[in-house]
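The values are calculated or read from the model by the stated rules, or taken from the named source; none is laboratory data. Computed from a predicted model, the values in this text were never measured in an experiment. Every residue, glycine among them, receives a Cβ derived from its backbone with ideal geometry; neighbour counts consider all protein chains shown.
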Amino acid sequence: MAVGEALGNGAPVGFARAEAPRAFTFPEDHGPHPKFRNEWWYLTGNLLTPEGERFGFQVTFFRIGLTAEAPQRTSRWATDQVWMAHAALTDVRAGEHTPTERFARQALDLAGAQAEPFAVWLGNWRLESAPDHQGWVLRVHTETFDLDLALTAEKPVILQGYAGLSQKSAEPGNASYYYSLPRLRTRGQIRSHERTQRVEGWSWLDREWSTSALGPDQTGWDWFALHLNDGRDLMFYRLRRSDGSLDPHSAGSLVEADGTAQRIGPEDLVLRPLSWWSSADHRYPIAWELEVKPWQRTLRVQAYLEDQLMDLSVRYWEGAVEVIDPATGAAIGSGYLELAGY
């Protein structure tokens, strides 16, 4: 499936569109927004065992509206919402990246979301409020790996774009409502290769809902979410046009150690791909140099594993990356990189 198709380009009739800034309220906005066609809860993280073994993980819940108004039907199977979830584990020591996906309709409690108490689920994949309401719990169980993790926000919600309105192209309504929890302390257990190990590290949550996003001349994006060891965080998405040029609606944010944030645009960040990895029919830039002008420093970002391809219904590259100081070669952070539309 093409990225534009997955994001519902064409603005299906009847759905709400992100056209102006809005007030965000929590915990309500952690829950679903069914008036919009697309929505996702997107978690990525880097975790270490006490012995220093490294794992990366991605878990995403996607809600897709089928119609703007639910038809009147009596079947308990009837629904106007379908769900897709992606999960992947990167085991750096083993040199393995394992992606998987699930689908369900929003009926018979097979999948859904709610704001209070917060929960989003598809089968036994579930992100929900912790029993003491201090943070969230993520549980994902697959044939090849399990995630049982507790997540606690150590920085406040960051509204992306302009007060949470993230404009993706020039056309009004080609935008999303977008916020992040940039630094989630993450502890728990991972099962991989029939071994269950304790892990700890940092995760990033992105939340977006929209009805249409990409413009007709846009083909995809490169998305970075990075945690630096000094407590600072960086997110940037580089939107690509069909001719290969950078779209001016590319944007992101820099978050200081104390949680204060500033919006950045393409004029604030220079991105240079350094090396590429090739699958059977695509090439993906998996190492980059980032010149971060507001910080007056340059970062090098490179994948822990070259092959972290999400070869699923929607194909994209998404994987754990290391952040390196190019002047010294020292590791100064970690994060995630997503390459879509190649």
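Name the residue that is nearest to Asp146 (Cα to Cα), counting only residues in the range 26-77 that are polar (S, T, N, Q) and assigned to a strand (DSSP E or B). Show your work before the answer.
Narrowing the range 26-77 to residues polar (S, T, N, Q): 38, 44, 46, 49, 58, 60, 67, 72, 74-75.
Filter again for assigned to a strand (DSSP E or B), leaving 38, 44, 46, 58, 60.
Values: Asn38: 27, Thr44: 15, Asn46: 15, Gln58: 12, Thr60: 15 Å.
For the range 26-77, the residue satisfying everything is Gln58.
Tally up the residues in the range 316-342 that are in a loop (DSSP other than H, G, I, E, B), out of contact with any Phe, Trp or Tyr (no Cβ under 7 Å at 6 or more places or on another chain) and not hydrophobic (A, V, I, L, M, F, W, C), please. Give the derivation first.
The initial filter retains those residues of the range 316-342 that are in a loop (DSSP other than H, G, I, E, B), namely 325-330, 341-342.
Those still in the list that are out of contact with any Phe, Trp or Tyr (no Cβ under 7 Å at 6 or more places or on another chain) too: 325-330.
Within this subset, residues satisfying the condition of being not hydrophobic (A, V, I, L, M, F, W, C) are 325-326, 328-329.
Selection size over the range 316-342: 4.
Evaluate the following for Ser313: is it touching a residue at least 12 places away in the same chain (Cβ under 8 Å), surrounded by fewer than 19 Cβ atoms within 10 Å (Cβ to Cβ), touching a strand residue (DSSP E or B) at 6+ places or on another chain (Cβ under 9 Å) and in a loop (DSSP other than H, G, I, E, B)? First the steps, then the outcome.
Numbers: touching a residue at least 12 places away in the same chain (Cβ under 8 Å): yes; surrounded by fewer than 19 Cβ atoms within 10 Å (Cβ to Cβ): yes; touching a strand residue (DSSP E or B) at 6+ places or on another chain (Cβ under 9 Å): yes; in a loop (DSSP other than H, G, I, E, B): yes.
So Ser313 passes the test.
Give the residues of the range 42-59 that are closer than 24 Å to Ser169 by Cα and either surrounded by fewer than 21 Cβ atoms within 10 Å (Cβ to Cβ) or modelled with pLDDT under 95 (or both), sorted by residue number.
Narrowing the range 42-59 to residues closer than 24 Å to Ser169 by Cα: 42.
Answer for the range 42-59, where residues must be closer than 24 Å to Ser169 by Cα and either surrounded by fewer than 21 Cβ atoms within 10 Å (Cβ to Cβ) or modelled with pLDDT under 95 (or both): there is none.
Report yes if Val137 is over 30 Å from Leu239 (Cβ atoms) and not acidic (Asp, Glu), otherwise no.
On the way: over 30 Å from Leu239 (Cβ atoms): yes; not acidic (Asp, Glu): yes.
For Val137, the condition - over 30 Å from Leu239 (Cβ atoms) and not acidic (Asp, Glu) - is met.
Among Ala330, Ala280, Ala287, which is the only one that is surrounded by 17 or more Cβ atoms within 10 Å (Cβ to Cβ) and among the small types (Gly, Ala, Ser)?
Numbers: Ala330 fails: surrounded by 17 or more Cβ atoms within 10 Å (Cβ to Cβ); Ala280 fails: surrounded by 17 or more Cβ atoms within 10 Å (Cβ to Cβ).
Of the residues listed, the single one that is surrounded by 17 or more Cβ atoms within 10 Å (Cβ to Cβ) and among the small types (Gly, Ala, Ser) is Ala287.
Taking the options Ala150, Ala170, name whichever one is of a type in the set (A, V, I, L, M, F, W, C) and out of contact with any strand residue (DSSP E or B) (no Cβ under 9 Å at 6 or more places or on another chain). Steps first, answer last, please.
On the way: Ala150 fails: out of contact with any strand residue (DSSP E or B) (no Cβ under 9 Å at 6 or more places or on another chain).
Residue meeting the stated conditions: Ala170.
Output the number of residues of the range 154-184 satisfying the condition of being among the charged types (D, E, K, R) and over 19 Å from Thr260 (Cβ atoms).
Initially, the range 154-184 is screened for residues among the charged types (D, E, K, R), giving 154-155, 168, 171, 183.
Then keep just the ones that are over 19 Å from Thr260 (Cβ atoms); that gives 168, 171.
Looking only at that region, the number is 2.
Those residues that are of a type in the set (Gly, Ala, Ser) and under 20 Å from the mean Cα position of the chain (by Cα), I need them from the range 240-267; list them, please.
Let us first name the residues in the range 240-267 that are of a type in the set (Gly, Ala, Ser), namely 242, 244-245, 250-253, 257, 259, 261, 265.
Ser250, Ala251, Gly252, Ser253, Gly259, Ala261, Gly265, listed by residue number.
Please indicate, with yes or no, whether at least one residue in the range 202-211 is surrounded by fewer than 18 Cβ atoms within 10 Å (Cβ to Cβ) and assigned to a loop (DSSP other than H, G, I, E, B). Before the answer, list the steps.
To start, the set of residues in the range 202-211 that are surrounded by fewer than 18 Cβ atoms within 10 Å (Cβ to Cβ) comprises none.
There is no residue in the range 202-211 that is surrounded by fewer than 18 Cβ atoms within 10 Å (Cβ to Cβ) and assigned to a loop (DSSP other than H, G, I, E, B).
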